[in-house]
Each structure stands twice: as structure tokens, then as C-alpha cells.
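Written out below as C-alpha cells is the structure these notes cover.
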Amino acid sequence: MAAAVGGRGERLSSSSPTGAAPQVDTGKYVRYTPEQVEALERVYTECPKPSSLRRQQLIRECPILSNIEPKQIKVWFQNRRCREKQRKEASRLQTVNRKLNAMNKLLMEENDRLQKQVSRLVYENGYMRTQLHNPSAATTDTSCESVVTSGQHHQQQNPAVLHPQRDANNPAGLLAIAEETLAEFMSKATGTAVEWVQMVGMKPGPDSIGIIAVSHNCSGVAARACGLVSLEPTKVAEILKDRPSWYRDCRCVDIIHVIPTGNGGTIELIYMQTYAPTTLAAPRDFWTLRYTSGLEDGSLVICERSLTQSTGGPSGPNTPNFIRAEVLPSGYLIRPCEGGGSMIYIVDHVDLDAWSVPEVLRPLYESPKILAQKMTIAALRQIRQIAHESSGEIPYGAGRQPAVFRTFSQRLSRGFNDAVSGFPDDGWSLLSSDGSEDITISVNSSPNKLIGSHVSPNPLFSTVGGGILCAKASMLLQNVPPALLVRFLREHRSEWADPGVDAYSAASLRASPYTVPGLRTSGFMGSQVILPLAHTLEHEEFLEVIRLEGHGFSHDEVLLSRDMYLLQLCSGVDENATSAFAQLVFAPIDESFADDAPLLPSGFRVIPLDAKMDVPSATRTLDLASALEVGPGGASRASTDASSGCNRSVLTIAFQFSYENHLRESVAAMARNYVRAVMASVQRVAVAIAPSRLGPQIGMKHPPASPEALTLASWIGRSYRAHTGADIHWSDTEDADSPLALLWKHSDAILCCSLKPAPMFTFANNAGLDILETTLVNLQDISLEMILDDEGRKALCSEFPKIMQQGFTYLPGGVCKSSMGRQASYEQAVAWKVLSNDDTPHCLAFMLVNWTFM
């Protein structure tokens, strides 16, 4: 638009559809004064698209606009919206262009590094060929040091030269260690000191997490990542140094000593403790030197290594029950990008002393892929998450900012880790037992020390003497995909949880708890409703509130009939995200859901133990019916080699309960029996969902192969044709050799329910199971009334006589609810009466057309 002297000019165009740009130019040119533009801009800020009445009101309220016609005002707002849209689009394209330029630079550097690595490998390959073809030239030294490698690779494989002892009183000596660490870290981050192999599935791109690689044939285990983030280097460094906020295995980081250096850098002596992933291994601790410095090109470097006898330096603290592990030269290289943002290189290289753990658990300590998932990728994800939150693109949920939900997630994870590890300095002590128990019972008589001073005290702890009791156990599982198992535990709580125990945990949040329950009390727990709160950028972790509807308990326990709430953290169940484990952690909360509410987390953690982890993930919906099917395809799938999935995994279970002192023994007995019952339930589920039962195509759901299912499918299609006069337009006819295959593959959800006063579902196709988020086994527990909203129920009631008389009817589009509480919309519904071979009514069928989750 042209700008006139003292104001802005606009060409008056003919009116166009609402929100569209002007189309026909009438040639009339309108000149606006600065005062008029200012008045219009004020209104635009409040309402970019004012109505006709609002524009007329504007002319009346602003005398300086009295000489402008309403149509001209309308055109001004149209043009102003166009300019705003163009500005935003230009800004977006500039951001994408900057990302692509930075990613191109990153890929060019990565390509140069790979070319150097290839050159070194070609040289080593040629040398080995020479030795093989000319044995006389070979040296008689057969030790491993005689193998010729590059200088950096050779230095990496062999122990470092011993240095004289250096301590914190000698800054020059520590600076020498720091500079050595910096050089070795840079050779790993941008050089070829480590042979890196890119992780499967990690593709570079402007919106990807980055380029992730793991070590091959090096001492210890190492992982490397490089990526782009939209935060400045100083903010990135601040996040990375706050390790407990993103490294879930980190228990504490204590900075023992800080020494400024002459070049503007900082040397820190750090003692760090980490949790053990299971109850079967000891935790690790580290004594390291961390060096922060700037480079000549404006980059920021944070590098770190352990201080040992070989490196020199002061000795660190020795804590009982911890095993000292070693950080080999590692760190972060943060380069500023043109136009804002940073390019990050991360190297994690550790020796976790794998020989000190049972042989079955050694893969957890020897796998560079697990290290990449737990540390390297976690650091990048935290930076990208905070950058995304800072952009303002994440809507606030439940009236809270994203940082509050991150804090809840950290507290749940940390509380579960504290329960699994049971550190004495947190107040934990083992309860006496005969030593033959597979379940460990620990008690903590100082719960406020464990929960923290920043958290509101629990009413139980403040009124009577008591503490926290934890029952925990670990067990090995065979042929059970961790993500599939945890997803089932999340979606089908009634299969393993005891309502009375849940109610006891919830009552601990009230000032007057009731007595310790027995298992499987009278009454029952109603359905669970999942209320999503927040999720991470890549959906690898999500936070939610679970509402457990209580019904039908005995009259002397009326409190149990109240709804109960759990704050729940679920990790590692998304098939599109990489994770070192799958975890389900939950804690009872009250209705207030305060930010500082006390949390007693309990839950499950499943960690795959085999190095072979690149197997297809499970489907979104668990089809346990496949494990029970008996048919032509069932036997062949059941006989398939189980090696197609995860062979072994370790399951860790920990449940925490508060107790009063005089009830401690009763609570301990209840907890022991409960955990034993939960373990038995999990084992039953594990047997049902093991790939050896589901077959190699665990990523595919198969229709049931029973004769009854085949008969029902033919009745559904035949009845639809008889009532409507047309066939169902099947969405997928390829390789469909039966009516059941056509029905199963159809994209619209087809659901069958019984003809009873309270209709219950009896069958659903693949899409029907997806929209209900259930399985064929659990389908019969869902009623038609549960999934329909008020409008849907009213529409069905009004049309039900028509269905019974004419055989079918069309229902308007609406909204339904899955078994997990998620809402899904559909454009139209068709309901028809399914007739058997003798034309008697068998059931009702519903087809939800073009459905999608909201």
C-alpha cells in the first residue's frame, strides 16, 4: 500500500467475502492522517475483524473518522489483515530459511567428519591387507596395543598416562586437566576420535530432534548428538547444566568447588549421584571436573571428565552403597547461529563398571543406545521443549503454565526412583524379614525429609505419628514388548488394581483415614476416565489425571464411594518415539490439585535387556483376542519364532503407602500381599501379549477367526443390503477373501450391540476398536450409553422405533467417547437391525462415518 504525506493511503476496493482480500479496485484513493491510522490501529488490536455495527460505532465515537465512509473503513481492515497475514508468512519463511541454512552447515560439517573417518578406515584396511599378504612384515608383538590405529583412536583405547596428584589448591594443575579434557572432547564432537554409527530412525531435518550416533568398538559407551534449537547459547548452557531437570536418573549434583580461570572460564569440581534403574543393581556416583569456556569463534564449551588416579586432581567423596563410575571426556559445544538460535553438539562418554552388576543386567550398562536415549536425546528434548514453551505456542492446560507440569513430571519420576532405591540418607530402612521374601518392604519414618520442605505437609503426617512404607520387587519377563505391556496396564487398570487399596491411598490425603482394607473388598470400582494434562513435544511422555469412579462399597465405608484421582506419568509407549524404557507412575491427589501437593508415587518400569531393540513396535490398540484365537492363521502365528520381538526385559514394581505407627505391621502385610497379587496379574497379562502368542506381525491386528465371527460378518452385510437396498462401500477390497475381511478392514467404525434394555457391545471391526480404544476381549464391558453424549442418546431414542420397524435409519453427526475418555467426532451414523438366517433380530449395528479424534 502506498503511504501518503502525513498518513497512509488506501485504494477503496469493492466488497469481498468475509475474511478475503479485496478483489475489484474502483480507483478511489483514500488518504488517512496519522491520527486516523492510530485510531484504527487501536481498534484493530482489540478486534481485527469488527462487525458492521462495530465499524459504525467507531465512526460515531471517533470524530476524526467522521469523513470516512463505512465501506472505506471495512476495506482498511481487510487490507490490514492482509498485511498482517503477509508479515507472519514472511516471518515464518525467514525462520524456516534460517533453520535450513543452519542445518545445511551442520550437515556439511558432519559430511567432512565422515570423510575423515572413511579416510582413516581405508588407511587401516589397507594396512591390515598388507599385513595379511606379507606375514614377514608383521611384528611378533601380538598384544592389543600392537594394532595400528590413528593417534586419537589409539589414545582412546588405552589408559591415560599417570599424572602427578593435583588438588583444588593448585588452579594451574586443574586448568591443565581442563584443557586436556577440552581437546579430547572436541576430537569426539567434531573429529574422529570415536567411530560413530548413526542410530536407526534418526533422520536429520529442520524439525527433527537432530543427528544421533552411538559409539562402535570403544572403551566404555558413548553417544553423540548434534541439532538446532531456537534458544541462545547462554540459555542452552543453563539448561544443560541443570542436569536433574532433564536426566531422570540423576539424584543430585553437588558443586563442591568453583575456580575462575584467567581466560574467563570456570572450573567446577562436581559430585553426582544417580539412581539404579532396578532393585537388582547398586546406584552409581561420579566425581568430575567440569570446564566452561568460550572459544574464539564465539562458541561456548562445557566439557567434563572424571578425576581419577590416572588423571590426577583431588579425591572426591566416598559414599557407602554407591559404585564409582567414570565420565570419559564428554560435554557440550554450543555455537550461535545467524539470526538467533544455537547449534549444539553433545557427547556423552561413560564407563559404568558393568562387571559389578549381575550378568543379565549388563546390557543396561553396556549399550550405547540406552545411554543415548537416557542422556543425550533427553538433553536435546529438554532444550527443544523449553524453546517450544518459550515461543508461546503451547496452550496452558488446567490454568497452569507448562513449567508447572514439567515440575509435576519430575516429582513423580523422582519419587518413584527414591522408592526403588530407598537411600538410607533419605530416611529409608529395611523392615525385618526372614530373607526369603521376593518382595522388599522398606519404611521411612521421616517422610517430610523425603517429600521436601517446599511441599505442603500431608495431613496424616501432621496429625498422628506415621511414615511411608514401600513394597517393591523386580522380575524378569520373556518375550514381552515393554511399550505394549505398559500401555495395557495404563488402559486396563481394573485388570490388576485393587479398588480398596486405591481408596486407602486416596484416603491418606484426608485428615481422618479409615482402616486398612483387605484385598478385593466388597463392591467394585467404576470406570476410569483419563483427563490429559500435558505432553512433551514428541509425545514420548505425557501427564494426565485419572478419575476413578467409586460405587457400591459397604455402608461402613461410605468414603470409598467418592471419586478418586491419580496424577499419572506415562513414558515410552509411543511407537514413534525412542525410549530406553516404558514406565507408568501415578500418585493419589485430592480435588484441589495444588501445585505443592504431596505426592507418593507408585508404578511400573519395564526396561528391555537385549541389545537388539530395533523391532517393530506394537499397535495403538491392544488386541488380546489374537492371543486367544483358534483358527487357520492362529496356529501358524503362534508357532513363529519369538525372537522377532524383545526377548528379555526387567520389570520393577514399587508401591508406596502412608501409615500410622500403630498400623505399620497391618499396612506392611497388606502391601506385601498387594504387590504379590499385582505381580501375578502382570504375569498373566505378559503371557497373553507375548509376541510368541501374538505372532511376528504384532504391528498388525487380525480379525477373529472363529466361525461365529464369519457368520456375524455375513449377517451384517446382508442385513444392510436388505434394509437400504445397497451394499456397504467397503474402503479396502484388496486381499479381502471373505465378508469378515471386508468388514475388518473398513475405515468407518462398525459396532454391534445387543438388543437388551442396557445394550452392551458384542463386536467391532478394527476401526471400531480404535475409536473405542479397547480390545475385543474388553469390548463386552462397554455399553452403548457410555460412549454417546446427550445429543446422541436423544437422537437414538427418537429413531429407535424406526429402526425396529423399517430396519434402519440415518443419524446426524455427533460426538462419542472412547473407553479412555477421549472424544471422537463423526460426520454421520447409520444404524440397522442385523437379522439372522431365520430373519429374527440378532443385534443392532452402527456405522460411524468419517470419524476422527478431537
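The values are calculated or read from the model by the stated rules, or taken from the named source; none is laboratory data. Everything quoted here is computed from the prediction, not taken from an experiment. As a convention, Cβ positions derive from the backbone with ideal geometry for all residues, glycine included, and neighbour counts pool all protein chains shown. Heads up: the accessible areas ignore ligands, DNA and RNA and are worked out on the full protein's heavy atoms, side chains in. Shrake-Rupley method; radii C 1.70, N 1.55, O 1.52, S 1.80 Å.
A few comments on the model shown:
- P(r) tail fraction, segment 273-424 - alpha-carbon pairs more than 21 Å apart, %: 60
- FRET efficiency, E69 to K49 (Cβ-Cβ, R0 22 Å, nearest 0.05): 0.75
- Of the peptides 253-260, 658-665, the ranking by mean beta-carbon count within 10 Å, highest at the top, reads 658-665, 253-260.
- Sorting the segments 239-247, 478-486 by their residues' average number of neighbouring beta-carbon atoms within 10 angstrom, most packed first, yields 478-486, 239-247.
- Here the simple spin-label model places points 7 Å from the Cα toward Cβ, and for R60 and M804 these points are separated by 5.9 nm.
- Accessible area (Å², per residue) of segment 171-391, counting only protein heavy atoms and a probe of 1.4 Å: 35
- Taking max minus min of the alpha-carbon positions on each principal axis, segment 31-123 gives extents of 84, 23, 18 Å, largest first.
- Hull volume in cubic angstrom per residue (convex hull over the Cα atoms of segment 707-853): 107
- Gained length - Q115 relative to A90, 0.36 nm times residue gap less alpha-carbon distance: 5.3 nm
- Stretch gain in nm, segment M128-S836, where the contour uses 0.36 nm per residue and the Cα spacing is subtracted: 247.2 nm
- Burial order of peptide ranges 371-384, 268-281, 73-86 (average beta-carbon count within 10 Å, highest first): 371-384, 268-281, 73-86
- Under Karplus coefficients 6.51, -1.76 and 1.60, residue-wise ³J(HN,Hα) of segment 809-817 in Hz, glycine/proline x: 7, 9, 10, x, x, x, 10, 10, 10
- Per-residue 3J(HN,Hα) values for segment 239-248, derived from phi via the Karplus relation 6.51 cos²θ - 1.76 cosθ + 1.60 with θ = phi - 60°, read 5, 5, 6, 7, 4, x, 6, 10, 9, 5 Hz in sequence order (x marks Gly and Pro).
- Of the solvent-accessible surface of segment 171-391, computed with a 1.4 Å probe over protein heavy atoms with every protein chain present, carbon and sulfur atoms account for 53 percent.
- Annotation: amide H-H contacts under 5 Å for N765 (H modelled 1.01 Å from N, sequence separation of 5 or more, or interchain): I750.
- Beyond 23 Å, the tail of the calculated P(r) for segment 171-391 holds 46 percent of the Cα pairs.
- Here the Karplus curve 6.51 cos²θ - 1.76 cosθ + 1.60, taken at θ = phi - 60°, turns the phi angles of segment 115-123 into couplings of 5, 5, 5, 5, 4, 5, 5, 5, 5 Hz, with x standing for Gly and Pro.
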